[in-house]
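Okay, so here's the structure we're looking at.
The values are calculated or read from the model by the stated rules, or taken from the named source; none is laboratory data. Because the structure is a prediction, the values reported are computed rather than measured. Here the Cβ is made from the backbone with ideal geometry for all residues, glycine too, and neighbour counts use every protein chain on show.
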Amino acid sequence: MKEQLSDIWVYLAGTPLLGLTATLLAYQCAFAIYSKSKMNPLANPVAIAVALLVLVLSLTNTSYQTYFSGAQFVHFLLGPATVALAVPLYQQLNKLKRHWFAFLMAAILGSATAIAVAMGTGWLLGASPVTILSLAPKSVTMAIAMGIADKIGGLPSLTAVLVMLTGILGATMARSILQAIKITDDSIGGFALGVSAHGIGTARAFQVSPEMGAFAGLAMGISGLITALLLPLALRLLGLI
């Protein structure tokens, strides 16, 4: 049995299947732990899967480039998955038509607040200008955030880590915060989660209800668009880039 497993690992290590297989197995293990914990947000499957992957890559001395040559297939599916969010949102079209202006303003103000708090915190803690710029887009989905960071002079790799941490923390803490401030409307809670915790928060919202997930997906898209268009312009007007 051990020899068979060793042969399988040797085969996978030499092909792009390594990253894909490792990612799927890590997430399956993480989700099993998440299910056993009765969906406890502290057992976030994304955080656990990332930790497992880091452990495996470290123990096997596998480079990130080798891993990503296979994992990029999962990365590619982010596009179709994001587009598919339009389906549950269409089911909430009547509510969206009634409150479109409120949701638009919430996305603008929420995005602006996330940027200001992130950059202000970095400045107060004495972070370097590059780090502060890397913090600015940390609340939008990773592909957009990395592109923005590169454009404004930040470090895309640092931004990617910050985006992941933001999503994990948001997905972990959101329900408790929403309950503490007595927000029970799934559309409002979902929108708040999408603005603050992007894709990981949206995935968490879908576990609560389709309505919450639909509005989280909407918020993720709008906040990403707003940040990509207005953040570089605002920073130039302020003389920060």
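Among the residues of segment 148-192, the ones that are surrounded by 16 or more Cβ atoms within 10 Å (Cβ to Cβ), hydroxyl-bearing (Ser, Thr, Tyr) and touching a Leu at 6+ places or on another chain (Cβ under 9 Å) come to 3 in all. If only residues of segment 48-68 that are more than 20 Å from the chain's Cα centre (by Cα) and aliphatic (A, V, I, L, M) are counted, the one that is surrounded by the most Cβ atoms within 10 Å (Cβ to Cβ) is Leu57. Selection of segment 192-215 for residues being within 14 Å of Thr166 (Cβ to Cβ) and not aliphatic (A, V, I, L, M) yields Gly194, Ser196, His198, Gly199, Gly201, Thr202, Arg204. The requirement of being touching a Ser or Thr at 6+ places or on another chain (Cβ under 9 Å) and more than 24 Å from Leu169 (Cα to Cα) is satisfied by Lys95. When Leu96 is tested against (1) out of contact with any Gly (no Cβ under 8 Å at 6 or more places or on another chain); (2) farther than 30 Å from Pro210 by Cβ, just one condition goes unmet, and that condition is (2). Here is the figure for segment 193-217: residues that are of a type in the set (A, V, I, L, M, F, W, C), under 14 Å from the mean Cα position of the chain (by Cα) and surrounded by 24 or more Cβ atoms within 10 Å (Cβ to Cβ) total 6. Sub-6 Å Cβ pairs linking a first residue in segment 58-72 that is in a helix (DSSP H, G or I) to a second residue that is polar (S, T, N, Q) and at pLDDT 75 or above, at least 6 apart or interchain, are Ala71/Thr23, ordered by first then second residue.
Picking from residues in segment 166-185 that are without any contact (Cβ under 8 Å) to a residue 12 or more places away in the chain and of a type outside the set (Lys, Arg), the one that is nearest to Ala216 (Cα to Cα) is Asp185. Within the option set Lys151, Lys97, being among the basic types (Lys, Arg) and touching a residue at least 12 places away in the same chain (Cβ under 8 Å) holds for one residue only, Lys151. Which condition number does Ala127 fail, the rest of (1) at pLDDT 85 or above; (2) out of contact with any Ser or Thr (no Cβ under 9 Å at 6 or more places or on another chain) being met? That leaves (2) as the condition not met. Please work out if Met105 is touching a Ser or Thr at 6+ places or on another chain (Cβ under 9 Å) and either within 24 Å of Ala216 (Cβ to Cβ) or without any contact (Cβ under 8 Å) to a residue 60 or more places away in the chain (or both). Answer is no for this residue.
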